[in-house]
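These notes are about the structure you will find just below.
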Amino acid sequence: MQGLFLDATDTMAAVFQRVARADDPPVGVNVQGDVTAADIPRLLAGLDFVLDDHTALPTETLRLCPSLKHVIFLGTGARSYMHPEELAALGITVHIIRGYGDTAVAEHAIALMWAAARGIAGMDAAIRRGEWPRTEGRQLTGKTLGLLGFGGIAAEVARIAGGGGMTVLAWNRSPKTAPGVSFVDLDTLLAESDVLSLHLLLTDETRGFLSAERLARLKPGAILVNTARGALLDEAALVAALRAGRIGHAALDVFVEEPLPGQNPFVGLENVTLTAHSGFRTPEASETLLRRALDIARQIVG
């Protein structure tokens, strides 16, 4: 069986070479710009599996790849790029990789939270323009952090925030317990969180979960952090809440449309901090991710 790393960047290609072993299944590495749907049948011709980092894999396109039996998605958010049930009907199994970057994403969420609280991105931009804005920030010690969803990343966020002196609340769709975390109902979480951080998986049930109505129930002036998936929230409603000052600041690493278009309303809002879906990008996380992907490939061949 043979495979292809469909959409490697130069950095990820170098990581792949570091973690690959001589006895791994043969995997080619495609390093180029964005892969289009038109490119996919040619690139995957005759191959049994593909490693996919960020390329959309439409069902109708993969229908043109009869040899393909497995998609190894490099992360957990495969549904943002493909329809696993439809692919299963074609005989293609979608594999996801959990837990590889919990600490990396958690640290990024914490960094966004404090950057939002202190207005760091805005001050940096103003100073580069020759200004000297000594803006007043928000002190987070003693404040309440709410975690919407509680998996491995949220557990790491809770650990770091608890060590920083914050009170940590969480809501999860199934019952859970964790040291130093108080699990509450959704209404309480929204009403009491000075900072709300999203950690839900994107499914048909959670798509648009943070609706306009739920955003309106957030504590006035709250900071919203999203390192999960853009489609978990109503972006238009969030823009309206930010413009009205109902939400004090949004710190966002993920968006419904990526890369984020320059005309997106978030770009023009001063009370928004933006990063480029990079929370999981650390050498440690990338090495773990690609090694686990190759281990899945070994299991497929075995």
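Restricting attention to region 211-239, report how many residues are surrounded by fewer than 21 Cβ atoms within 10 Å (Cβ to Cβ) and not in a helix (DSSP H, G or I).
Number satisfying all stated conditions: 6.
Of the numbered conditions (1) part of a helix (DSSP H, G or I); (2) buried (at least 20 other Cβ atoms within 10 Å of the Cβ), GLY248 satisfies every one except a single condition; which is it?
Among (1) part of a helix (DSSP H, G or I); (2) buried (at least 20 other Cβ atoms within 10 Å of the Cβ), GLY248 violates only (1).
ILE97: on the phi < 0 side of the Ramachandran plot, of a type outside the set (Gly, Ala, Ser), crowded, with 17+ Cβ neighbours inside 10 Å and in contact with a Phe, Trp or Tyr (Cβ under 9 Å, 6 or more places away or on another chain), yes or no?
The answer is yes for ILE97.
Matching residues to (1) under 21 Å from the mean Cα position of the chain (by Cα); (2) small (Gly, Ala, Ser); (3) at pLDDT below 95:
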| residue | (1), (2), (3) |
| --- | --- |
| LEU43 | no, no, no |
| SER80 | yes, yes, yes |
| ILE97 | yes, no, no |
| THR103 | yes, no, no |
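Looking at region 261-289, which of its residues are in contact with a Phe, Trp or Tyr (Cβ under 7 Å, 6 or more places away or on another chain) and either farther than 15 Å from ALA104 by Cα or of a type in the set (Asp, Glu) (or both)?
VAL272, LEU274
If I ask for residues that are among the polar types (S, T, N, Q), free of Cβ contacts under 8 Å to residues at least 40 places away in the same chain and under 22 Å from TYR81 (Cβ atoms), which ones from region 258-298 would you list?
Across region 258-298, the qualifying residue is only ASN264.
Here are ALA56, ALA117, ALA109, ALA88: which of them is surrounded by fewer than 19 Cβ atoms within 10 Å (Cβ to Cβ) and in a helix (DSSP H, G or I)?
Criteria check complete, one pass: ALA88.
The values are calculated or read from the model by the stated rules, or taken from the named source; none is laboratory data. All figures in this text were calculated on a predicted structure; none of them were measured in a lab. Backbone-built Cβ (ideal geometry, glycine too); neighbour counts: all protein chains shown.
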